Amino acid sequence: MNTFVSLYWSTVGRKFWTALTGICLVGFVIVHLVGNLTLFMGNQAMNDYAYFLETALHGGLRPFGELALLVLFGVHALTALSATLQNRRGRTQGYAVSRPAGGRSHQTLSSRTMVVTGLILLAFLVLHVAQFRFGVGFDWHVTAESAGSAHPVRDVYRTVVEAFHTPLWMGIYLFVMALLGFHLRHGIWSAFQTLGTINTPLRRALFILGAVLAVLLALGFLVLPVYIYAVVDPAGPFQSAPSTLGGAR
Amino acid sequence: MSTQSMSFNLRVWRQEGPQEPGRLVDYKVVDISPEMSFLEMLDELNVQLTRKGERPVEFDSDCREGICGMCGLVITGVAHGPLSATTTCTLRMRHFQDGQTIEVEPFRAAAFPVLRDLVVDRTALDRIIQAGGFVSQNAGSAPDGNAIPIPKDDAENAMDAASCIGCGACVAACPNASAFLFTSAKVSQLAYLPQGRPEARRRVASMVRQMDLEGFGNCTNHGECEAVCPKEVSIHHIARMRKEYWKAMLG
Amino acid sequence: MNQTFLNAPPEESARILDARIPPGPLERKWTDHRGHVSLVSPANKRKHTILVVGTGLAGGAAAAALGELGYRVLNFCIQDSPRRAHSVAAQGGINASKNYQNDGDSDFRLFYDTVKGGDFRAREANVYRLAELSGAIIDQCVAQGVPFAREYGGTLANRSFGGAQVSRTFYARGQTGQQLLLGAYGSLMRQVAAGTVTMLARREMLDLVLVDGRARGIVCRNLVTGELETYAGDAVLLATGGYSTVFYLSTNAVNCNNSAAWRCHKRGAFFANPCFTQIHPTCIPQEAETQSKLTLMSESLRNDGRVWVPAKAGDHRSAAEIPESERDYYLERIYPAFGNLVPRDIASRAAKRMCDEGKGVGKTGRAVFLDFQAALERLGRPVIAERYGNLFHMYEEITAEDPYRVPMRIYPAPHYTMGGLWVDYNLMTTIPGLFALGEANFSDHGANRLGASALMQGLADGYFVIPYTLGAYLAEWRPQPISTEHEAFAQAAAEVRQGIQSLLEVAGKEPVRDLWRRLGHICWERVGMSREASGLNQALEEIRDLRKSFWQEVCIPGGERELNRSLEMAIRVADYLEFAELLAMDALHREESCGGHFREEFRTPEGEALRDDERFTYVAAWEYTGDLQRPRLHKENLKFEHVQPGQRSYK
């Protein structure tokens, strides 16, 4: 019988979740990039944005968002990994010679390395969250009301600026953001194909549009560190004080 | 008749049985004319081997005009060889360089065990069809052929999907050894036709489950399958199968 | 070897074969017969095991239909999957007297056309039944999800095909056979899943097992392991196709062979009209000696293509260099009424005649042009591409010539065999319990088959005839259960093994393929498109000689109990060497020209086929009397009550 579980955990069923979460995550990446762009507007703008995220929906947006992201990343990675393991079992004896057929194929280096780029992105994510969410930070009092109160926001701007003046961090970010673009090059159109929402003309358009979007997103994320490294003064001036609350926020 | 004669350095997979280890063996084949098909070239190799008292290379073929789907080899790393929209039997030797080294391997997938040399067992594909790739229609009870009008476009789309010859090249070419294109071609054909609708949900769920049980891989949208498909069955049908599947899953 | 009888007239049996045609008016025969035959009760059907050999349109449809009824069916095929049977390669379409086009079609007209097309050598009652069932086939296939071509209004599209003057051909692009077969295959797979049909692929039937004079089982070779396997049942249905590959080069698949039918013949089934072979006019000419098969292109091409040769013999200019005035559109010239659409046998022979006169084109001079220039100018490239795109593509792939710019070159090739095991109206052979369906029997096409009729016959036999006639046979006989423990099975298997052993013991040097090619050459040259007594006598001797050589020179590498294509092929060729003799003998005995059988000695002053209704209005059914013994001729007299035989005229 076709049970609930067998339907949802079949090859087709599983990839449904990979694709759906993938599309949501692309949405998240876009929002994230837009948020990051406030950096160009300086200290105040960025931390205003941070303050907004912290306080929106009576402070409910952040925990909800974090939980949602955790689930999205978790499901995306889990379903994709288990599919990859299944794919490995699909061909136990490999070819001596194998090459892409070209022509109508959608195979790219990006499509062949999804699991690798995905895993690197996952590792980076841990690092990224540790650094900007749980790492040592500085308090920033966004508004007059919040000045001196016990509820400052984190001075994200300062953390970012300091991080991107470290060549190692800079290198890691540049590398990973390029990989993100690489991951999305196949990921975006593929998700729509997996959801079965596209016909042939749309697929061909999306195959190209997906690539364009992937490049734009990667570029967006790449421009920031370069801008900070080249333009923003690493010494500040910053108006924040070492955090009283540590990284536990 | 062409006077031009070609020769090739073949590296052919030889394997005595499903449990035996296999390996690539080098052969030199001579006196090949450019209009010969790839399989006729192998026939000629076999004649040359037989005359030398060696065991001929076993491979599957039947119609030799690209419609039965029985032949299928991975030639220089590509299923059915370098020419698109072609089966192994209709691939001509003029598409190769004189003196070229050509690797010949069987279609490889865990679900396609090698029986001997280049012959593989593809009955897994039959079992996928058994799971639901049909309309439950007993002989004798059909309504008049024109009783249900079918829009021309739907009939054409169904025909596009139905042109699958079941050769298994999609599986062979897929980096994941996935049978999505094969399975989706049948699901999509019957989904386009009103006759297929009553069983649509059960069909797609059962066929996908059987496909998984056979040990095929998952589809990660490389699209290699479409590129090697001798009938150019589009991955559009994979998208369509998935849509049918969501209906079964969510509905 | 005893060669004395070869040139003597055949020994004739005094007994006239009874086809068991039901009484009553033609259009009531089948309905009445169906309504009166005994039935097997639903509860008893599952107690009957039926062995169906072959999974083409006839075999696949029969196995599926019998499974649906509840019989226990064992279905055998030579390929790795039933979907590969050679029915898959039929391109053009399937006829049905639906009269959807309101152009005057009817069961009677389809019947009439088929009897006339068969040159008045078919059995009227069978042909009428075929026409009567044709409509139900379309209904069945549509219901199965066969994507037939449709009009914008959603109704089924038709085309005129193979010289028919009504549009009664249903088609699915150029892949009608494939789609019909996949429909039957789907039904078959459904029965496999339901447990009524057991599919046994990669098996080749090598003998029929008789118990008390009835067909009770078969011996098969498992083509993967090489083991001999025996299967028992209450009836055996042979749907193993024709014997065109006796010519080596034909449009048939490379695994097509006549061994199953031949071995049934040796067990007592009469072989009817073997000399009725069809040579299809629109094939891609042979290019090389090493070619393994010929490729057919649908004769629908003749709907828009014009056939021509240079008017002068020995004109070797390219097509473009030959001006209109120096071209001979010979079909339009000789047959103004039908022009390029004359039936296959006529078109084929005309092409051969042109080439014999030195007007052939191409490197070999064995080809004529099929030109689309006029149609391209009239209809434009998109229309032609829509109609024939896949065929043009196929042609270009094989010849490296673009038919949009250069005329195609075509030449006739062996394609279909009207002859086959003799069957009565119920499709039963002269062995009780052995039925023959589709191309394997001889029944419906007479001396020449019309285009788009083979698919019709296969499916009619499988879906709609055999379920009734087999039931009647079982209900009347009420068989006792049998198992392969019965000694007849071991004995038959031992005989088959002995045959295989003797093949393997020949320690020759010749690859089987080369010997087969030699046999094909003899048959094509002397028993091919046109035949004459001296050539046929010569063929008989050459076949005997080749048979002797075969048993001394053949080389079969590898052993019995393994996957061994050389051995498979050797078994088939050994049988063909015996069968070819019967083919030539039948051609020699039939001193007339009719349909696909053309004797040089018997033609009208204009060179057309000249029948001899006085002497030859009968089915020649041959009885096997032993190896190297003269076969015995049995006659089934044909009565034409509804169609008056006349000279076929397509002028």
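The values are calculated or read from the model by the stated rules, or taken from the named source; none is laboratory data. Just so we're clear, the structure is a prediction, and the values are computed from it rather than from any experiment. With ideal geometry, Cβ positions are generated from the backbone for all residues, glycine too; neighbour counts draw on all protein chains shown.
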| task | Determine if the range B:159-169 includes at least one residue that is more than 8 Å from every other protein chain (Cβ to nearest Cβ), over 18 Å from residue B:234 (Cβ atoms) and hydrophobic (A, V, I, L, M, F, W, C). | result | no
| message | Can you say whether residue A:39 is surrounded by 15 or more Cβ atoms within 10 Å (Cβ to Cβ) and within 17 Å of the chain's Cα centre (by Cα), as far as the supplied structure shows? | response | no
| said: Given the criterion more than 30 Å from residue B:112 (Cβ to Cβ), in a helix (DSSP H, G or I), within 14 Å of chain B (Cβ to nearest Cβ) and not charged (D, E, K, R), identify the matching residue among A:58, A:76. | reply: A:76
| request: Return the total of residues in the range B:124-140 being within 7 Å of another protein chain (Cβ to nearest Cβ), under 17 Å from the mean Cα position of the chain (by Cα) and surrounded by fewer than 22 Cβ atoms within 10 Å (Cβ to Cβ). | output: 1
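Residue by residue, here is whether (1) more than 9 Å from every other protein chain (Cβ to nearest Cβ); (2) within 17 Å of the chain's Cα centre (by Cα); (3) assigned to a helix (DSSP H, G or I) holds:
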| position | (1), (2), (3) |
| --- | --- |
| A:181 | yes, yes, yes |
| A:186 | no, yes, yes |
| A:196 | no, no, no |
| A:211 | yes, yes, yes |
| A:219 | yes, yes, yes |
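Here's the yes/no breakdown for (1) of a type outside the set (Gly, Ala, Ser); (2) within 11 Å of chain C (Cβ to nearest Cβ):
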site: B:142; (1), (2): no, yes
site: B:147; (1), (2): no, yes
site: B:154; (1), (2): yes, yes
site: B:173; (1), (2): no, no
| message | Checking the structure you have, find out if any residue of the range C:615-625 is surrounded by fewer than 23 Cβ atoms within 10 Å (Cβ to Cβ), polar (S, T, N, Q) and touching a strand residue (DSSP E or B) at 6+ places or on another chain (Cβ under 6 Å). | response | yes
| In the range C:506-607, which helices (runs of 4 or more DSSP H) lie fully inside it and hold 3 or more residues that are closer than 20 Å to residue B:42 by Cα? | C:512-526, C:565-589
| said: Within the range B:49-80, take every residue that is at the interface with another protein chain (Cβ under 8 Å from one of its Cβ atoms) and not in a loop (DSSP other than H, G, I, E, B) and give me the one that is farthest from residue A:101 (Cα to Cα). | reply: B:51
| field | Within the range C:323-400, helices (runs of 4 or more DSSP H) holding 3 or more residues that are under 30 Å from the mean Cα position of the chain (by Cα) | value | C:330-334, C:344-356, C:381-399
| remark: Given the conditions (1) surrounded by fewer than 18 Cβ atoms within 10 Å (Cβ to Cβ); (2) in a loop (DSSP other than H, G, I, E, B); (3) of a type in the set (Asp, Glu), every one holds for residue C:424 apart from (1)
| query | Does the range C:300-313 include one or more residues that are of a type in the set (Val, Ile, Thr), part of a strand (DSSP E or B), at pLDDT 95 or above and not assigned by TED's automatic domain parsing to the domain that holds residue C:514? | reply | yes
| task | Output the residues belonging to the range C:623-651 that are farther than 30 Å from residue C:330 by Cβ and among the small types (Gly, Ala, Ser). | result | C:626
| task | List the helices (runs of 4 or more DSSP H) that sit entirely inside the range C:31-147 and contain at least 3 residues that are buried (at least 24 other Cβ atoms within 10 Å of the Cβ) and in contact (Cβ under 8 Å) with a residue 40 or more places away in the chain. | result | C:57-69, C:107-117, C:124-144
| query | Looking at this structure, is residue B:241 touching a residue at least 60 places away in the same chain (Cβ under 8 Å), within 11 Å of chain A (Cβ to nearest Cβ), over 17 Å from residue B:110 (Cα atoms) and in a helix (DSSP H, G or I)? | reply | yes
| field | Top-ranked residue of the range A:79-108 - restricted to ones that are in a helix (DSSP H, G or I) and without any contact (Cβ under 8 Å) to a residue 40 or more places away in the chain, ranked as farthest from residue B:108 (Cα to Cα) | value | A:81
| remark: Considering the range A:149-162, residues that are modelled with pLDDT of 85 or more and over 18 Å from the mean Cα position of the chain (by Cα), and then whichever is surrounded by the most Cβ atoms within 10 Å (Cβ to Cβ), we arrive at A:157
| Just for the range A:79-113: of the residues that are facing chain B (nearest Cβ under 7 Å) and among the basic types (Lys, Arg), which one is surrounded by the most Cβ atoms within 10 Å (Cβ to Cβ)? | A:91
| message | Taking the criterion of being out of contact with any helix residue (DSSP H, G or I) (no Cβ under 7 Å at 6 or more places or on another chain), more than 14 Å from chain B (Cβ to nearest Cβ) and not aliphatic (A, V, I, L, M), would at least one residue in the range C:230-249 satisfy it? | response | yes
| task | Could you tell me which residue of the range C:470-505 is farthest from the chain's Cα centre (by Cα), considering only residues that are among the charged types (D, E, K, R) and either farther than 30 Å from residue C:70 by Cα or outside any helix (DSSP H, G or I) (or both)? | result | C:485
| Residue check: is residue B:89 away from chain A (no Cβ under 14 Å) and either in a loop (DSSP other than H, G, I, E, B) or surrounded by fewer than 18 Cβ atoms within 10 Å (Cβ to Cβ) (or both)? | no
| message | Every residue in the range C:306-340 that is in contact (Cβ under 8 Å) with a residue 60 or more places away in the chain and surrounded by 17 or more Cβ atoms within 10 Å (Cβ to Cβ), please. | response | C:306, C:307, C:308, C:309, C:319, C:334, C:335, C:338
| task | Report yes if some residue within the range B:139-161 is modelled with pLDDT under 95 and either closer than 21 Å to residue A:14 by Cα or not in a helix (DSSP H, G or I) (or both); otherwise report no. | result | yes
| field | Total residues in the range C:608-624, condition in a strand (DSSP E or B) and either closer than 14 Å to residue C:647 by Cα or among the hydrophobic types (A, V, I, L, M, F, W, C) (or both) | value | 5
| message | Which pairs turn up if I take residues in the range C:625-650 that are of a type in the set (Lys, Arg) and look for partners that are part of a strand (DSSP E or B) and at pLDDT below 95 with beta carbon separation below 8 Å, at least 6 apart in sequence or on another chain? | response | C:630/C:11; C:632/C:11; C:632/C:12; C:632/C:13; C:635/C:12; C:635/C:13; C:635/C:16; C:648/C:609
| request: Take the range B:208-224 and flag every residue that is more than 17 Å from the chain's Cα centre (by Cα) and either aromatic (Phe, Trp, Tyr) or more than 7 Å from every other protein chain (Cβ to nearest Cβ) (or both). | output: B:210, B:213
| Test: residue C:171 is within 8 Å of chain B (Cβ to nearest Cβ) and either crowded, with 22+ Cβ neighbours inside 10 Å or under 18 Å from residue B:151 (Cβ atoms) (or both) | no
